[in-house]
Each structure stands twice: as structure tokens, then as C-alpha cells.
Amino acid sequence: MEKGIADRAPAMEGLLSKLRSLDAYPKVNEDFYSRTLSGGIITLASSVVMLLLFVSELRLYLHAVTETTLRVDTSRGETLRINFDVTFPALQCSIISLDAMDISGQEHLDVKHDIFKQRIDVHGNVIATKQDAVGGMKVEQPLQRHGGRLEHNETYCGSCYGAEESDEQCCNSCEDVREAYRKKGWGVSNPDLIDQCKREGFLQSIKDEEGEGCNIYGFLEVNKVAGNFHFAPGKSFQKANVHVHDLLPFQKDSFNVSHKINKLSFGQRFPGVVNPLDGAQWMQHSSYGMYQYFIKVVPTVYTDINEHIILSNQFSVTEHFRSSESGRIQAVPGVFFFYDLSPIKVTFTEQHVSFLHFLTNVCAIVGGVFTVSGIIDSFVYHGQRAIKKKMEIGKFN
């Protein structure tokens, strides 16, 4: 048995000797090392560089990176949410209306749902809300549809002044009459001739708000097709297939549509989004005109690190102003936003760098810095030796 162990010992020694011959990192006795000042400086500098690169790589590993891809937008039947906050410093809230329409033919005229208005003074401060009937009711009893005054035992049913759609229709307020006229495609030339408008003090309320501005904000939910929405004075209606606004009741020759867009976005907000019209401001210097924004909307999908999906949009914009020429009205005064949708969808996906990728980069940093610093140290060392040798030769000569 002792003989078998003795036979295996040389074989094991031979195997270890072969492994030792594969050593790519031969060791040198410390007695043969020559440490230099330049080598110490290079080692310190390379260590600092190595540490900085490692910290940078660690930050990239700990924080999510965003990958961007482009693809054709194949979604159908979706809606588009438009969020806005616009301030008109020289246009009263009582005369501004909001309309939206698209190429499919769908129209939303004088939108009021999810829309909020704030009256503001010349300094931009919010004014306390007044009651709708600013002028107050007249003591005189309202006129009935049949022409007589309202009696105590009667139910009020005001006249629509020829704009009734049926014999039973009643217009009990100035707004009802204006809406009935709008549906007929008519304009209200003199509100004081309308009993409801006269009792509610329609013209007086507009005069009371003279010099005020309006902040209007909210959102619209529209079809995901090309279209436009606009802020303009007066109620709108269709006349001979043309979209027009009834400006006669306001008895004004000019409308100042100077405005500031506090916020405008299409869809939900997501990290990194930039809305180019946020904070945009324009001042009108002519008496009449239409300011137009032409917007290209790009559908966007953002998926965060927790796989929470945000469906939103980005957009680019160009601007144009149409003014009146030689005193002749060429366009409806107002601020118009024309939007179109891009067929390309942008997808942002947050994801972490894999640990193997991180480890590979760390090894590359350590090995690269170590190799480069070794080359620099060797160059400096041999350069110093060559200079020293030349100096010694020159000294002896």
C-alpha cells in the first residue's frame, strides 16, 4: 500500500508542475522590484479614475434606463384627451365659447362640461364669481309665450321668438333663446329686444365685465382623428355649411384675442415629456384676427419599471396669425388649434441593466485602466532612464 502511495506522488507532482507552467501571471521576487515616484503618482491617479468610472457604472446599474422604439400605430376606436389652461387677459368670460370638431363630422359646440372659467382683473388676480343675472330681474313680470304677462297661478313658458322646434317648446332664459337661435342658424342682433335677455341684464353684464380677462381650463374628450378646437367670442352655428360665430349681441367692433397658454397637453403626463406650448404667450396688435396653431400629435406609450403603462401623446407645433385686411373681416376672431395625428407611435420602456452586463463593464473598466496606466508608467520610467543615461554620458565627456 505504501508503494501505491509512493507511485501516485510523482504523478501528482507532474500534474501540478504542468498547471504551474500555465500560469499567465509569473511572480517576481520583491527584492527585484524598483518602486518610483512617477509610478506612485500614476497608480494614485489611475485608482481615482477607476473609482469614478465604477461609481458611474454603478449608478447606471441602479437606475432604470429608457429604451425608445418606433412602430406603426395600429390602434383603432380610441379617444384623445386634450388638457388645457389658457388665459385671455382682454376677453371677458361671458363672451368666450369653446367649440370642438373633427373630420368625421362630429361637433361639440359651446362646450361646458368639464370646462371651468375664472374672471380675472388686469393684474391677473381672480375676481369673485358673480351671479349669472348680473343686472338683476326686472320688477315687471316676464312675458309668456302667448304675449301676456305671467300671472301668479300660471306656469312660465317664455317665447323663443320664432325659433321654436315645436309648439310646446319654451325658452325661459336668455341662454335658451340664444341656443334656439343657434340651432336655427340665426343671430341675435339686439338682445334688448328679447324679454328674457332684457330682464337678465345680458348687455349690462357684458358692460360690467368690460376690462376684465378670463382664465379657462379643463379638458376635452374627442375622437382620435384629425380635428380642431377653438376659443372664440359668441355662440357658433352652421350657416350654408360654414362655421360662424354670432358676434352681434356684443355690439363690439374689435376683439382682442391676446392669450397665454399655461398648459396644453394631449393625454396623461409621463416622465420626461416636454409640451412645447406650455407658457407660450402672444399679444395682439391689430384690431381683429385669428391666431392659429397647427399641431402634429405623436401617439406615445410609456412603460415604467413596474410595467405600468401610460398611454399619452407628444406633439410639435407651428403658428400663424390671420389678420383683417383693409378693415374687411377675413376670419373669425379667436384662437384655433388644428391637430393631426402621426401614423408612427413612439414607445418608451424603462428597464434595468442586467447584472452580467454590469459585471462585464466593471471588468472592462478595471482591466482597461490598469493596462493603460501600465503603458504610461512604462513609458515614463524608460524615458526617465534614457534621459538620465544621456546626462551621465554627457557628464563624462
Bounding extents of the stretch 277-397 in its principal axis frame from Cα atoms, largest first in Å, are 103, 48, 23
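Which trypsin sites (Lys or Arg not before Pro) from the stretch 37-120 combine a DSSP loop assignment with at most 14 other Cβ atoms within 10 Å? Don't skip to the answer; put the middle values down first.
Working: sites: Arg59, Arg71, Arg76, Arg81, Lys112, Lys117, Arg119; in loops: Arg76, Lys112.
The qualifying sites are Arg76, Lys112.
With respect to the cross-link table entries Lys224/Lys345; Lys184/Lys207; Lys117/Lys207, which display a Cα-Cα separation exceeding 25 Å? The partial results should precede the final answer.
Details: Lys224/Lys345 13 Å; Lys184/Lys207 27 Å; Lys117/Lys207 18 Å.
Those over the limit are Lys184/Lys207.
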Two pseudo-spin positions, 7 Å from Cα along C-beta at Asp176 and at Arg322, lie apart in nanometres by 3.7
Checking rank on 295-305, 45-55, with mean other Cβ inside 10 Å and highest first, the result is 295-305, 45-55
Sorted by chain and number, the residues with a modelled amide H under 5 Å from that of Leu80, at a separation of 5 or more or across chains, are Val222, Asn223, Lys224
One computes Rg over Rh for the stretch 254-342 from alpha-carbon atoms, with the Kirkwood Rh, and obtains 1.12
Rounded to the nearest 10 Å², the 1.4 Å probe accessible area of Phe116 is 110
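The values are calculated or read from the model by the stated rules, or taken from the named source; none is laboratory data. Note that the structure is a prediction, hence the values are computed from the model and not measured. Using ideal geometry, Cβ is built from the backbone for each residue, glycine included, and neighbour counts are taken over all protein chains shown. Ligands, DNA and RNA are excluded from the accessible area calculation, which covers all protein heavy atoms including side chains. Shrake-Rupley method; radii C 1.70, N 1.55, O 1.52, S 1.80 Å.
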